[in-house]
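Colleague: Below you'll find the structure I mean.
The values are calculated or read from the model by the stated rules, or taken from the named source; none is laboratory data. Small disclaimer: the values here were computed from a predicted structure and weren't measured. Note that we place each Cβ from the backbone using ideal geometry, even for glycine, and neighbour counts take in every protein chain shown.
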Amino acid sequence: MTEYNYELKIPMDRIAVLIGKNGEIKKYIEEETKTKLKIDSDEGDVFVSGEDALGLFNAREVIRAVGRGFNPDVAQVLLKGDYIFETINIMDFSGKSKDNMLRLKGRVIGSEGKSRRTIENLSDTRISVYGKTIAIIGQPENVGAAKRAIESLLTGSQHANVYKWLEKNRRELKRKEFVGEDKSLFKEFKEKSK
């Protein structure tokens, strides 16, 4: 069988988090994804190898999420097939100005984390603001909504307008989900009554 490899670089202060107490996080990722992790604590390099391409991809996504500030307990949901990881580079919105970048991070985080929590709750995602990036974990349609909301804040939209849009989007997703379930229930009923 073919062995696949990935090489990733994560911030030095996230290496210990990735390894975990007594190596338990590293071991868990290896077992769940059927991969082997080699971590260079001096450089922040993580080498992932394995024969299962999907397992390798999942391991890479969990490692990237931990590297972007997520708690490993949150990052491990990426091992489920229906969750994705997305990052937004704040520099794309702030230019080279460090002051501008800090101001934009503040807009997304909000006072005492209120803005970030509101976006997480309304989009059913988890968000990490770390370094020069904002990372999102969730189901694809929810991550898309959270990303759009965050990008709106980064381009200057008012918080209230962003929250209203998220609430409307959430209602629309719930409606689609309900109608989808409703149709399948109807179909089931129709088949039973034949």
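Colleague: Working carefully through the options ILE29, ILE63, find the one that is part of a helix (DSSP H, G or I), under 23 Å from MET1 (Cα atoms), in contact with a strand residue (DSSP E or B) (Cβ under 9 Å, 6 or more places away or on another chain) and not assigned by TED's automatic domain parsing to the domain that holds GLY138.
Modeller: The conditions single out ILE29.
Colleague: Count, please, the residues in the range 105-135 that happen to be farther than 20 Å from ARG14 by Cα, assigned to a helix (DSSP H, G or I) and touching a residue at least 12 places away in the same chain (Cβ under 8 Å).
Modeller: So the answer is 10.
Colleague: Give just the number: which of (1) assigned to a helix (DSSP H, G or I); (2) of a type in the set (Lys, Arg); (3) in contact with a strand residue (DSSP E or B) (Cβ under 6 Å, 6 or more places away or on another chain) does LYS38 not satisfy?
Modeller: (1)
Colleague: Continuing with the same structure: For the structure I just gave you, tell me whether LEU18 is surrounded by 19 or more Cβ atoms within 10 Å (Cβ to Cβ) and of a type in the set (A, V, I, L, M, F, W, C).
Modeller: For LEU18, the condition - surrounded by 19 or more Cβ atoms within 10 Å (Cβ to Cβ) and of a type in the set (A, V, I, L, M, F, W, C) - is met.
Colleague: So which of LEU56, LEU102, LEU78 ends up being part of a helix (DSSP H, G or I) and without any contact (Cβ under 8 Å) to a residue 24 or more places away in the chain?
Modeller: LEU102
Colleague: Has the range 37-45 got at least one residue that is assigned by TED's automatic domain parsing to the domain that holds PRO11, loosely packed, with under 14 Cβ neighbours inside 10 Å and touching a helix residue (DSSP H, G or I) at 6+ places or on another chain (Cβ under 7 Å)?
Modeller: Taking the range 37-45 as the starting set, the residues that turn out to be assigned by TED's automatic domain parsing to the domain that holds PRO11 are 37-45.
Then keep just the ones that are loosely packed, with under 14 Cβ neighbours inside 10 Å; that gives 38, 40-43.
Applying the additional criterion that residues be touching a helix residue (DSSP H, G or I) at 6+ places or on another chain (Cβ under 7 Å) yields 41.
Checking the range 37-45: at least one residue is assigned by TED's automatic domain parsing to the domain that holds PRO11, loosely packed, with under 14 Cβ neighbours inside 10 Å and touching a helix residue (DSSP H, G or I) at 6+ places or on another chain (Cβ under 7 Å).
Colleague: Given the conditions (1) more than 23 Å from GLY20 (Cα to Cα); (2) under 12 Å from the mean Cα position of the chain (by Cα); (3) surrounded by fewer than 15 Cβ atoms within 10 Å (Cβ to Cβ), and given that ASN71 satisfies all but one, which numbered condition is not satisfied?
Modeller: Unmet condition: (1).
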